Amino acid sequence: MNLKSSAFKVSMVATTCLLTACSSINGEGIDYRSAQRGTSLAVPPDLTQLTPDSRYVVPGGAVSANALLASQIRQGEGDRVATDSVADVTLHRDGDLRWLSVARTPDVLWDPVRQFWLDNGFTLTMDQPALGIMETDWAENRAKLPQDFIRNTLGRVLDSLYSTGERDKFRTRMERRADGGTDIYITHRGMIEEVTDRQSGSTTWVPRDSDPELETEFLRRLLVQLGVSEEQSQAIVAGQQTSAAPAASVAQPTSRVVDLAGVPALELPDAFDRAWRRVGTALDRSGFTVEDRDRSQGVYFVRYISPEAEREQPGFFGRVLGRASSAPPPVRYRIVVQSQGDLSHVTVQNEAGQPAPASEAQTIIRLLHEDTL
């Protein structure tokens, strides 16, 4: 029996064990390892531009405080945002979106947050303090693997043969507040491996839903990194989940695509602060590269490659790390958020600040709409 045949049979045994014991995972449920330590992944063209069917929604209605820690309602946000504070750190919740407000400047927070991701098993592919953005590589949550007999017996000898068939990456965005503090957002993007040819065993990686629960868990862990006790962090998250349950029956505010004086636009039933958050989160979850932002003008400066562009793609890590390909360079746009009272409109401009071509604007507006429904 040759080596290739032996490896194939061992792989089949491992796969069978995975199928029969998929409900058993490690206790804490999170154990990430960088995908760069394993084999490269082949993905279809324009992975970063495919519309994720996100589960992100932004329900309205009052959200009360949890029983353990006092809650306060952030001024200017009405009754939609629940907040919980410990020391100088506050966890906010608005529907399925959570973020932290910290009474420290971004330059003070940058190194602790960077170390947080390294300690959780990731490497960073984007580390831009000037932009306030850091992004992890694609990593696998090994805690999802079953602790079956073979794995427990042979340990890491056969560990590389096991795979969850999923990869995750996370983006952290820091925004300086007017009072000198910092708002911290964590957004998730996911991929799943699908079989393209059963006879040859060929597979490809396609986008899967963003996971607000994973975002929440890493925000909770970041609370601990920033000085909140483990017990307090768990109580805050559990209390917000419990207090938000009655809001599920309340009609949800939605976005809609409209025509604004002949220009495609996204309409949000929100004042500026909330609309700015929702659009920023949608850009992060949809894979846009945010090069800069000007909150005072309501502008996100982004890079985007149309999925219709025909070109040859480099390998997976070549794409996500920006290596050369035959593709035309990404196009730069301005995503503009303008508000009047409790109504906001989002439009797309070209790099010069003029309305973008209608077909391009419609594509981007549809991508944002998918994540702000």
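Estimate the FRET efficiency between E291 and D111 by the formula 1/(1 + (r/R0)^6), using the beta-carbon distance for r and 22 Å for R0, to the nearest 0.05.
On the way: r = 23 Å, r/R0 = 1.03.
Computed FRET efficiency for E291 and D111 comes out at 0.45.
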Amide H within-cut-off set for Y32, under 5 Å, with H built and near neighbours excluded: R142
Net charge, E230 excluded, C-beta distance under 10 Å - Lys, Arg +1, Asp, Glu -1: +1
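Per 0.36 nm of contour for each residue apart, how much would the distance between E230 and V206 grow if the chain were fully extended, relative to their Cα-Cα spacing?
Details: separation 24, 0.36 × 24 = 8.64 nm, distance 3.50 nm.
Going from the current span to full extension adds 5.1 nm.
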The stretch 174-293: C-alpha gyration tensor shape, a/c 1.5 cut-off, then a/b vs b/c: oblate
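Since every read-out is calculated from the coordinates, none of them should be taken as a lab result. Keep in mind that this is a model prediction, so the values were computed, not measured. Heads up, the Cβs are rebuilt from the backbone with ideal geometry, glycines too, and the neighbour counts pull from every protein chain shown.
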